[in-house]
Each structure stands twice: as C-alpha cells, then as structure tokens.
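Everything on this sheet refers to the single structure shown next.
The values are calculated or read from the model by the stated rules, or taken from the named source; none is laboratory data. Everything numeric in this text was worked out from a predicted model, so none of it was measured. Cβ coordinates were reconstructed from backbone atoms using ideal geometry, including for glycine residues, and neighbour counts include every protein chain displayed.
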Amino acid sequence: MPGKQILSSRKSDHIRINLEEDVRSGLTTGLEQYRFVHRALPEMDLEDVNLGQTLFGRRLDAPLLISSMTGGTTEAAAINRKLAEAAQEMHVAMGLGSQRAAIENPAEVYSFQVRKYAPDILLFANLGAVQLNYTYTSVHCRRAVDMVGADALYLHLNALQEALQPEGDTRFAGLLGKIETVCKQVGVPVIVKEVGWGISETDARRLYECGVAGIDVAGAGGTSWSQVEMYRIDDESLARVAAAFRDWGIPTAESIRQVRQGAPDLPVFASGGLRNGIDVAKCIALGAVLGGMAGPYLKAAAVSAAATVRLIAEFRREIQVAMFACGAANIDELNHTPLLYRSSGDS
C-alpha cells in the first residue's frame with residue numbers, strides 16, 4: 001500500500017491533470033443515440049414541472065449529484081467547500097472523494113468535512129472497495145461516514161485504474177463477500193459505484209444479492225482514468241499500456257440498461273460523461289434517479305462557489321425545460337417517458 005506522501009501527491013496530480021489535460025474517453029456515453037418524443041401539447045405549465053424527490057431521507061430540489069472527486073490536500077479542501085456551499089444553496093446531492101487519505105492520516109480529515117457548509121444535503125462518504133482486502137473493515141467504513149456526517153457510503157470499484165497504477169492495489173478476489181458484510185454492519189445505505197468504466201448486468205445482480213442500497217453506473221464516455229494515469233506515469237512503456245485502454249468500458253447509457261436488468265429494484269445513479277441537463281433527463285428516462293457529474297463542477301469550483309451555483313442552476317433549468325417539452329410533470333413521470341432510439345447509422 002502506498003504511503004501518506006504518495007497518496008497526497010496522487011490526489012494533487014489527479015486535480016491538476018483533470019483541469020489541464022485531455023482525459024476524455026475514446027468512447028461516447030451512448031446518450032447521443034437517444035432523443036425524447038417532443039410534445040407540442042404538453043398540457044401543463046412550465047412552472048408546474050416538479051424536479052424534487054426524496055432519497056435516503058433527504059429532500060432534493062433537482063435530480064443532480066455532484067459526483068465524488070477529491071480530498072486529502074489543502075487545494076482539495078477549498079474545492080470541496082465550494083462544492084458543498086453550492087450543493088446546499090441548490091439542494092442537490094454531493095459525493096466526497098476517497099477518504100482513505102483521512103483514514104490513514106487524521107491531519108487530512110478537515111479536507112473532507114463539509115457538513116458545516118451543507119447541513120441539509122444528501123452527502124455520500126467514500127472509500128475504495130478494494131481496501132477491504134487490505135486490512136479495512138466495516139469499522140473503517142463507519143469511521144469514514146462519521147468523520148463527515150454522511151447519510152450513506154460509496155464503495156467505489158476501480159480495478160482497471162489500480163491495475164494501471166505502478167503502486168496500485170490489485171487484490172480484488174473475494175471482494176463481494178466483504179461488501180456484503182459492510183452492507184450488514186455499517187449502519188447506513190451502501191452505494192457501489194464504478195469510476196468511469198460502467199457496471200454490467202452480471203455485476204449489478206451480484207451487488208443486489210449482497211445487499212447494496214443503490215448502484216452508480218459511472219459509465220464510459222466521460223473522464224477516462226486510464227488517460228489520467230497515463231499522464232502520471234513516468235515509464236514510457238507503462239504509459240503506453242495505460243493509453244491502450246482509452247476505448248475501454250461500458251458506455252453510460254448501456255450500463256444504465258444493464259444495471260436496470262440486473263437489479264431492477266435498486267435506485268440507479270447515472271454518471272460518466274454527462275454534460276448538461278438534457279443528458280441527465282435522458283438518464284432518468286432510461287431508469288436512473290440521479291444524474292452525476294464531476295468535471296464540469298470541478299472546473300466551476302476552481303473559480304468560485306457562485307460559479308458552481310450558476311452551473312447547477314443552468315443544469316436544473318435544462319432538465320425542467322426538457323421535462324416540459326416531453327410532457328413529464330415530475331421525476332416519476334420522467335422515469336416512464338419514452339425515448340426514441342436512433343442507430344449510429346442514421347443521419
């Protein structure tokens with residue numbers, strides 16, 4: 001396992017690379033293949049469109065999630081504060097970056113503690129699931145939840161990313177049983193998420209059977225963490241190996257479909273390459289309950305909390321107008337709104 005200094009350096013590298021380099025996947029999300037059936041007569045007023053819902057005991061004013069990004073450094077602390085302030089003002093959900101750094105170095109706990117800036121939001125703690133094979137237990141998971149006052153816990157899956165890191169943790173054997181134990185013991189809902197390569201129907205079914213409370217597909221089509229790691233690697237041969245995986249993964253739209261088939265009773269969060277409110281609306285029509293983004297919010301938070309609020313407001317307006325134009329008065333109706341599929345060969 002890498003030491004504290006390596007973890008902190010990795011976090012700083014990830015922020016810098018995501019802000020400065022082209023780390024896009026070679027795949028698209030697949031959402032461009034879908035379009036809504038336009039309703040010229042929506043038979044409702046725009047102001048009557050309701051984007052609100054209650055999830056894990058928290059009221060959300062829009063189906064938006066600030067996806068997990070960062071923590072563990074002074075720069076990350078400032079970014080997390082601005083994200084949390086914006087989430088509080090707009091009443092949307094927020095996920096924290098991996099808290100492993102804070103578990104192993106208590107001096108870094110402050111960089112994740114955003115509850116004082118956002119007392120009312122749906123907040124997700126976050127740890128890498130693979131750490132359950134490296135001495136972590138339900139006790140560590142509960143510690144991550146308690147240190148930030150979270151409502152639920154993300155366990156993220158990043159097997160490919162770890163395989164591409166020279167210092168990566170790659171012991172993924174036997175992980176399902178340990179996730180099941182955490183679900184039983186941690187005392188809050190557990191949501192399993194990928195980091196950008198999607199979750200298959202088979203994996204969704206296995207996760208459902210072990211007791212997770214939700215799945216974040218984090219599909220391909222947005223940030224490619226193989227590209228991020230490529231920029232971090234000094235060894236040219238290992239960098240070429242990372243670059244070869246730019247086209248890897250299950251596109252977000254397809255992953256939503258597969259997860260809905262494998263775990264039809266679980267709430268699905270859609271993330272991975274979403275760029276606007278119409279993308280979010282499409283994901284909800286495909287069966288998700290939230291649309292998560294990271295990159296756009298990171299760039300906005302690098303400016304200010306106010307810039308992040310403006311971006312959330314823009315996404316919210318796009319969702320509202322999309323719902324109005326397809327005749328969906330609320331999130332439940334949007335969840336059952338038909339989409340037209342357009343094959344890639346169509347003009």
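Data overview
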{"quantity": "Selected residue (criterion: nearest to G291 (Cα to Cα)) from residues of region 93-139 that are basic (K, R) and in contact with a strand residue (DSSP E or B) (Cβ under 7 Å, 6 or more places away or on another chain)", "calculated": "R115"}
{"quantity": "Scan of region 71-92 for residues that are more than 23 Å from F56 (Cα to Cα) and either touching a His at 6+ places or on another chain (Cβ under 8 Å) or not β-branched (V, I, T) (or both), ordered by number", "calculated": "G71, G72, E75, A76, A77, A78, K82"}
{"quantity": "Residue within region 208-222 that is part of a helix (DSSP H, G or I), within 15 Å of R24 (Cβ to Cβ) and in contact with a Gly (Cβ under 9 Å, 6 or more places away or on another chain) present", "calculated": "no"}
{"quantity": "Residue selected from region 182-235 under the condition over 15 Å from the mean Cα position of the chain (by Cα), among the hydroxyl-bearing types (S, T, Y) and modelled with pLDDT under 95, by the criterion farthest from L127 (Cα to Cα)", "calculated": "Y231"}
{"quantity": "Tally of residues being small (G, A, S), out of contact with any strand residue (DSSP E or B) (no Cβ under 6 Å at 6 or more places or on another chain), closer than 18 Å to A86 by Cα and buried (at least 20 other Cβ atoms within 10 Å of the Cβ) across region 274-304", "calculated": "4"}
{"quantity": "Unique residue being under 14 Å from the mean Cα position of the chain (by Cα) and under 18 Å from G214 (Cβ atoms) when the list is L286, L298, L266, L274", "calculated": "L274"}
{"quantity": "Qualifying residue in region 143-162 (condition: part of a loop (DSSP other than H, G, I, E, B) and at pLDDT below 95)", "calculated": "no"}
{"quantity": "Residues that are buried (at least 22 other Cβ atoms within 10 Å of the Cβ) and part of a loop (DSSP other than H, G, I, E, B), drawn from region 229-273", "calculated": "G249, I250, A263, G272, G273"}
{"quantity": "Among (1) closer than 21 Å to G26 by Cα; (2) in contact with a His (Cβ under 9 Å, 6 or more places away or on another chain) - the single one V192 does not satisfy", "calculated": "(1)"}
{"quantity": "Matching residues, region 314-347, being among the small types (G, A, S) and either in a helix (DSSP H, G or I) or at pLDDT 95 or above (or both)", "calculated": "A322, A325, G327, A328, A329"}
{"quantity": "Test: V309 is part of a helix (DSSP H, G or I), of a type in the set (A, V, I, L, M) and buried (at least 20 other Cβ atoms within 10 Å of the Cβ)", "calculated": "no"}
{"quantity": "Out of V114, V130, sole residue that is part of a loop (DSSP other than H, G, I, E, B), within 24 Å of L65 (Cα to Cα) and touching a Lys or Arg at 6+ places or on another chain (Cβ under 9 Å)", "calculated": "V114"}
{"quantity": "Output for region 56-73, where each listed residue is in a strand (DSSP E or B) and either under 18 Å from G277 (Cβ atoms) or at pLDDT below 95 (or both)", "calculated": "L60, L64, L65, I66"}
{"quantity": "Extreme residue, farthest from H156 (Cα to Cα), among residues of region 55-86 that are without any contact (Cβ under 8 Å) to a residue 60 or more places away in the chain and crowded, with 23+ Cβ neighbours inside 10 Å", "calculated": "A84"}
{"quantity": "Residue that is at pLDDT 90 or above, out of contact with any Leu (no Cβ under 7 Å at 6 or more places or on another chain) and closer than 30 Å to Q320 by Cβ, where the choices are A87, A76", "calculated": "A87"}
{"quantity": "Members of region 41-59 that are among the aliphatic types (A, V, I, L, M) and either over 24 Å from L286 (Cα atoms) or in contact with a helix residue (DSSP H, G or I) (Cβ under 9 Å, 6 or more places away or on another chain) (or both)", "calculated": "M44, L46, V49, L51"}
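One line per residue, one yes/no per condition, for (1) over 16 Å from F269 (Cβ atoms); (2) surrounded by 16 or more Cβ atoms within 10 Å (Cβ to Cβ); (3) in contact (Cβ under 8 Å) with a residue 24 or more places away in the chain; (4) not β-branched (V, I, T):
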residue: Y154; (1), (2), (3), (4): no, yes, yes, yes
residue: E162; (1), (2), (3), (4): yes, yes, yes, yes
residue: A173; (1), (2), (3), (4): yes, no, yes, yes
residue: Q185; (1), (2), (3), (4): yes, no, yes, yes
residue: V192; (1), (2), (3), (4): no, yes, yes, no
residue: G198; (1), (2), (3), (4): no, yes, yes, yes
residue: A204; (1), (2), (3), (4): no, yes, yes, yes
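Quick grid of which residues meet (1) in a loop (DSSP other than H, G, I, E, B); (2) buried (at least 23 other Cβ atoms within 10 Å of the Cβ); (3) of a type in the set (S, T, N, Q):
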{"residue": "E89", "(1), (2), (3)": "no, no, no"}
{"residue": "S98", "(1), (2), (3)": "yes, yes, yes"}
{"residue": "I103", "(1), (2), (3)": "no, no, no"}
{"residue": "I121", "(1), (2), (3)": "yes, yes, no"}
